Structure formats: structure tokens, C-alpha cells
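S.K.: Here it is: the structure, laid out below.
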Amino acid sequence: MRTHAPRAVAALVAGLLAVALAGCGGDGEADTEGFSVGLLLPNRVTPRWEHSDKPLIEERLKELCDDCTMVYANAENDVARQRQQMISMITNGAKVLILDPADSKALRSSILEAERSGVPVIAYDRLAEGPISGFVSFDGSKVGKMQGEALMRAMERRGDGTTVVMMNGDPSSANAAWFRDGAMSVLSGRATIARSYETLGWSPENAHANMSAAISALGAESISGVLAANDAIAAGVISAFKKAGVEDLPPITGQDADLEAVRRVVEGEQYMTVYKPFEKEAAAAAAMAVALGRGEDVREVSTTQIDSPTHQDIPSILLTPVPVTAADLERTVVHDGVFTVQQICVPRLRPACDRVGLTG
């Protein structure tokens with residue numbers, strides 16, 4: 001995955017909204033008819049898809065185009081199901097698809113079919129192979145670097161060595177390698193990678209099994225830190241340590257700032273997560289979809305370009321993630337209204353919340 005030098009990100013909101021709103025205006029020249037946008041998300045294992053992305057994209061679509069409608073489908077980690085969902089949406093008249101692929105390679109043929117049918121596809125959060133018309137995500141290299149930097153700081157503070165277990169994402173997702181490469185750009189030469197695993201389906205159960213294998217092979221006491229690619233994987237890692245009777249957990253990373261992960265960060269079980277303001281990502285995808293639906297050129301509003309294994313110079317918008325430890329919760333997820341202090345600080349966590357300054 002190769003990115004090209006971005007233009008100023010400050011132009012993102014103004015440019016995207018100007019194009020999208022112009023298309024929805026009533027100046028007599030623009031196409032004012034509504035249309036259907038298909039949203040295809042990959043699974044329910046990662047809470048953000050159902051709880052954040054879906055409602056945020058739908059809300060922004062309605063703000064940008066009153067007469068536009070959204071059709072939604074979740075693949076449940078089943079590539080064949082997602083293929084059928086895409087075919088169904090195209091057959092039923094969707095004018096644009098926003099696709100978070102269950103498998104970045106396997107959906108290529110379906111994206112080709114969409115192109116033949118005149119339906120542009122926006123790859124959302126995960127880059128997809130095939131002739132996609134645009135890509136919206138957070139910068140995966142920065143995500144991995146943030147995880148690696150946080151893990152190194154935590155291990156150095158503990159002084160228990162630099163032996164790391166890598167708990168990577170599902171190899172069917174292009175993001176998994178993106179995150180891993182970003183992390184390795186920090187860890188290489190500074191940490192010893194004792195074991196490295198791929199987590200099929202990004203599932204906690206598979207992460208638990210892999211981490212249990214690492215603990216059995218290495219001994220829990222010799223593991224200085226765990227680079228867990230996201231919060232679901234971190235949950236499986238933590239459960240494996242607990243099952244092994246480990247009380248003093250090593251630093252463990254995460255990503256997505258899921259509510260349960262935020263609670264684990266407060267409690268000290270998970271060292272950090274990566275917060276990705278989903279509202280910005282959803283807004284960018286919705287605005288790009290409306291622009292495409294109105295026949296606009298998204299190259300005029302993209303902020304950078306990315307190469308996939310099959311195509312070059314894909315118009316893209318890459319947003320900046322935010323690393324979050326316990327000390328950062330107030331100014332990030334609480335300040336932005338993602339979660340309230342009351343949602344995070346359930347009764348059993350009240351003492352921990354007081355310790356980290358969550359007192360609202």
C-alpha cells in the first residue's frame with residue numbers, strides 16, 4: 001500500500017461538503033433527485049461497525065441529501081454473504097456502494113461487477129482490490145506507529161525487558177499489514193519479537209487461543225508486552241493471561257476505543273487504545289458517496305492518493321488517529337462525547353476512575 005503526498009487536510013470538510021451540498025441544491029442545474037447508497041460492513045465482532053459507523057453514515061447522508069436513502073448489510077465475516085449483498089444492492093438500484101470488505105482480495109470480482117453495472121464503490125476503512133472509486137480511512141501506518149511507540153514507552157517504564165508478542169489482525173484485511181508495518185517501524189531494532197500471530201476474523205476467541213499458545217511456549221513472565229492490533233484482539237489476549245493465572249499483566253495495546261476497551265484501560269488491564277473519531281470518517285464517506293452519486297469527480301475533494309495491489313492513484317482521504325491511555329480519556333473520548341463518564345465508570349470501576357481523574 002503506497003500513499004502519495006497529501007494536500008492540506010484542512011480542505012477536507014469544506015471541499016467535501018461543498019461538492020455534496022452543491023449536488024443537493026436546487027439551482028436548476030444540479031441533479032436534485034435522491035438515490036440509494038448501499039453500506040456494507042464486515043462483521044459484528046468489532047462493536048464500532050454497528051454502534052458508530054452505521055448510524056453516523058446514515059445521519060450524515062440524510063444531512064447532505066434529504067431524498068437519499070441508505071440500504072445496510074452486515075457480512076458477519078462471510079465473504080460469500082457479502083458478495084451476495086453487493087449483488088442484491090446493485091440489482092435493487094443502489095447508485096453508490098460504501099464497502100468495508102470482509103476480505104480485501106476476495107471482493108475484487110464483485111467490485112468489477114459493480115463497475116460494469118455503473119455503480120462506483122468507495123472502500124471504507126479497509127482498502128479493497130479492484131476498481132474502487134475512492135478510499136476513506138484512518139492512516140493505518142500511524143495507527144501501528146502509535147501502538148508501537150506506546151508499547152515501547154510502557155515496557156521501558158516497567159523495566160521488565162523488551163520481549164514482544166505480535167497479535168496481528170486478519171490477513172484477509174489490507175489494514176492488518178498496514179498496522180503491522182507501522183508498528184514494526186518502531187519496534188524493529190528496539191524489541192525482540194518472540195512470537196507473531198495472525199488473528200482470523202479479528203476475533204477474541206482466536207486471539208485467546210494464539211496468546212495461550214505464546215504463554216505456553218514462552219512463559220508468561222518472559223513476555224514484556226503484547227502488540228494487539230485492535231481492542232477485540234486485546235480482549236482475547238487479556239483473557240488468556242487471566243486463564244493462565246497472571247495478575248500483573250504486561251502492557252497490551254489496542255485500537256478502536258470500544259467501550260469495554262476503555263473500561264479495561266481505566267482498570268489497568270489494557271495499556272492503551274487508538275481512538276479514531278468515527279464521525280469524521282463517516283462524514284467523509286457520506287460526502288464522497290453523495291458526490292459520486294451526483295456525478296462529481298472525487299479527485300477534486302480527496303486529500304491524497306493511494307495505490308492498491310491492483311490500481312494506482314486511488315482518490316483517498318486519510319484521517320489522523322489519536323493514541324489514548326488512561327490519562328487521555330477525559331480529553332478524547334469523553335470530551336468528544338463518544339462516551340460519558342457514567343457509561344465508562346460503572347460501579348466496580350469507580351475507584352479506578354477516581355485514580356485516573358474521571359470524576360464527572
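The values are calculated or read from the model by the stated rules, or taken from the named source; none is laboratory data. Since the structure is predicted, the reported quantities are computational estimates derived from the model, not experimental observations. Cβ: placed from backbone, ideal geometry, glycine included. Neighbour counts: every protein chain shown.
S.K.: Go through the range 223-261 and report how many residues are among the β-branched types (Val, Ile, Thr) and either without any contact (Cβ under 8 Å) to a residue 12 or more places away in the chain or in contact with an Asp or Glu (Cβ under 7 Å, 6 or more places away or on another chain) (or both).
M.R.: Qualifying residue count for the region: 1.
S.K.: Within the range 48-66, count every residue that is touching a helix residue (DSSP H, G or I) at 6+ places or on another chain (Cβ under 7 Å) and not in a helix (DSSP H, G or I).
M.R.: 1
S.K.: Same structure, new question: Which numbered condition in (1) in contact with an Asp or Glu (Cβ under 6 Å, 6 or more places away or on another chain); (2) not in a helix (DSSP H, G or I) is the only one that residue 296 fails?
M.R.: Going through the list (1) in contact with an Asp or Glu (Cβ under 6 Å, 6 or more places away or on another chain); (2) not in a helix (DSSP H, G or I), residue 296 breaks only (1).
S.K.: Inspect the range 225-238 for any residue being in contact with a helix residue (DSSP H, G or I) (Cβ under 9 Å, 6 or more places away or on another chain) and surrounded by fewer than 22 Cβ atoms within 10 Å (Cβ to Cβ) and give the result as yes or no.
M.R.: No.
S.K.: Tally time: how many residues in the range 206-256 are more than 14 Å from residue 165 (Cα to Cα), among the polar types (S, T, N, Q) and in contact with a Pro (Cβ under 9 Å, 6 or more places away or on another chain)?
M.R.: Matching residues across the range 206-256 total 2.
S.K.: Still on this model: Consider residue 269 against the criteria (1) out of contact with any Gly (no Cβ under 8 Å at 6 or more places or on another chain); (2) under 28 Å from residue 250 (Cβ atoms); (3) assigned to a helix (DSSP H, G or I): it satisfies all of them except one. Which criterion is unmet?
M.R.: Tallying (1) out of contact with any Gly (no Cβ under 8 Å at 6 or more places or on another chain); (2) under 28 Å from residue 250 (Cβ atoms); (3) assigned to a helix (DSSP H, G or I), residue 269 fails exactly one: (3).
S.K.: Taking the options 170, 181, name whichever one is among the acidic types (Asp, Glu), outside the structural domain of residue 102 (by TED's automatic domain parsing), outside any helix (DSSP H, G or I) and in contact (Cβ under 8 Å) with a residue 12 or more places away in the chain.
M.R.: Of 170, 181, the one residue that is among the acidic types (Asp, Glu), outside the structural domain of residue 102 (by TED's automatic domain parsing), outside any helix (DSSP H, G or I) and in contact (Cβ under 8 Å) with a residue 12 or more places away in the chain is 170.
S.K.: Looking at (1) at pLDDT 95 or above; (2) out of contact with any Pro (no Cβ under 7 Å at 6 or more places or on another chain); (3) assigned to a loop (DSSP other than H, G, I, E, B), find the lone condition where residue 104 falls short.
M.R.: (1)
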